[in-house]
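K.L.:
Once you've had a glance at the structure underneath, I'll fire off some questions.
The values are calculated or read from the model by the stated rules, or taken from the named source; none is laboratory data. These numbers come from a predicted model, not from an experiment. Here the Cβ is made from the backbone with ideal geometry for all residues, glycine too, and neighbour counts use every protein chain on show. In case anyone asks, the SASA skips ligands and DNA or RNA and just uses the protein heavy atoms, side chains included. Shrake-Rupley method; radii C 1.70, N 1.55, O 1.52, S 1.80 Å.
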Amino acid sequence: MIELTVPSTGLNSHYDLTDRITEALKEAGAGDGLAGVFAHGSTVGLTVMRYEQGAVQDLLRTLERLAPESPAGGSRYLHELTTDDPNGFSHLKSSLIGTSLLVPFRDGEAAMSPTHRVVLLDFDLKPATRRVFVDPPRPNTPEPAAPTARDRHEKQESAR
């Protein structure tokens, strides 16, 4: 398991992890397959998206409409009432986005469109060092050679 750390500034910060994940997989000798990526924490999210400022702001605005920092009518999130922690919206946004995904990896590269990137989003109120775990695909192993006529003959002889 590979661990990446990301120093985050907190509230609505976002980080393109694609190149770091790809380099870590190469260094680990990962083979072709699906790499599992998991962001540790309940106030962060992982997604694959076109990583450009407009798309990021559109996503953040949509999440704000779904889980606003201040709920309508001046009420508070029940999370704040039960824990005295005012970040209930960040837990909701994390749940909506999710904290894990699979990244296709082939021939030493992320097998995605060049415009699609693996992005970590941090919704919490305060800065923190975020941890991201990557489970690499097993190294490629050569296919076993097909048995020759001689191999089959020797196997038959040894079975007698």
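K.L.:
For the stretch 79-103, give me the residue count where each residue is of a type outside the set (S, T, N, Q), closer than 30 Å to residue 136 by Cβ and assigned to a loop (DSSP other than H, G, I, E, B).
P.N.:
First pass over the stretch 79-103, keeping only residues of a type outside the set (S, T, N, Q): 79-81, 84-86, 88-89, 91-93, 96-98, 101-103.
The next check asks that each one be closer than 30 Å to residue 136 by Cβ; those that pass are 91, 93, 96-98, 101-103.
This time we only want the ones that are assigned to a loop (DSSP other than H, G, I, E, B), so: 98.
Final tally of qualifying residues: 1.
K.L.:
Among the listed residues 58, 32, 19, identify the single one that is at pLDDT 95 or above and within 13 Å of the chain's Cα centre (by Cα).
P.N.:
Among 58, 32, 19, only 19 is at pLDDT 95 or above and within 13 Å of the chain's Cα centre (by Cα).
K.L.:
On to the next question. Every residue in the stretch 106-115 that is more than 13 Å from the chain's Cα centre (by Cα) and either assigned to a strand (DSSP E or B) or under 22 Å from residue 66 (Cα atoms) (or both), please.
P.N.:
The answer is 106, 109.
K.L.:
Quick check on the stretch 55-78. Is at least one of its residues more than 17 Å from residue 11 (Cβ to Cβ), part of a loop (DSSP other than H, G, I, E, B), in contact (Cβ under 8 Å) with a residue 24 or more places away in the chain and among the hydrophobic types (A, V, I, L, M, F, W, C)? Quick ask: steps written out before the conclusion?
P.N.:
We begin by selecting, within the stretch 55-78, every residue more than 17 Å from residue 11 (Cβ to Cβ); these are 55, 58, 72-76, 78.
If we keep only those that are part of a loop (DSSP other than H, G, I, E, B) too, we end up with 75-76.
From the residues that got through so far, the ones that are in contact (Cβ under 8 Å) with a residue 24 or more places away in the chain too are none.
Scanning the stretch 55-78 turns up no residue that is more than 17 Å from residue 11 (Cβ to Cβ), part of a loop (DSSP other than H, G, I, E, B), in contact (Cβ under 8 Å) with a residue 24 or more places away in the chain and among the hydrophobic types (A, V, I, L, M, F, W, C).
So that you can scan it fast, the table gives a plain yes or no per residue for (1) more than 16 Å from residue 31 (Cβ to Cβ); (2) surrounded by 18 or more Cβ atoms within 10 Å (Cβ to Cβ); (3) not aromatic (Phe, Trp, Tyr):
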{"position": "112", "(1), (2), (3)": "yes, no, yes"}
{"position": "118", "(1), (2), (3)": "yes, yes, yes"}
{"position": "125", "(1), (2), (3)": "yes, no, yes"}
{"position": "128", "(1), (2), (3)": "yes, no, yes"}
{"position": "140", "(1), (2), (3)": "no, no, yes"}
{"position": "150", "(1), (2), (3)": "yes, no, yes"}
{"position": "155", "(1), (2), (3)": "yes, no, yes"}
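K.L.:
Determine whether residue 145 is modelled with pLDDT under 95 and of a type in the set (Gly, Ala, Ser).
P.N.:
For residue 145, the condition - modelled with pLDDT under 95 and of a type in the set (Gly, Ala, Ser) - is met.
K.L.:
While we're here: Which count do you get for residues in the stretch 4-31 that are open to solvent by 40 Å² or more (accessible area, probe 1.4 Å), out of contact with any helix residue (DSSP H, G or I) (no Cβ under 9 Å at 6 or more places or on another chain) and either more than 9 Å from residue 136 (Cα to Cα) or assigned to a helix (DSSP H, G or I) (or both)?
P.N.:
10
K.L.:
Continuing with this model, one more query. Give me a count of the residues in the stretch 73-105 that are at pLDDT below 95 and open to solvent by 90 Å² or more (accessible area, probe 1.4 Å).
P.N.:
Residues that pass the stated criteria total 5.
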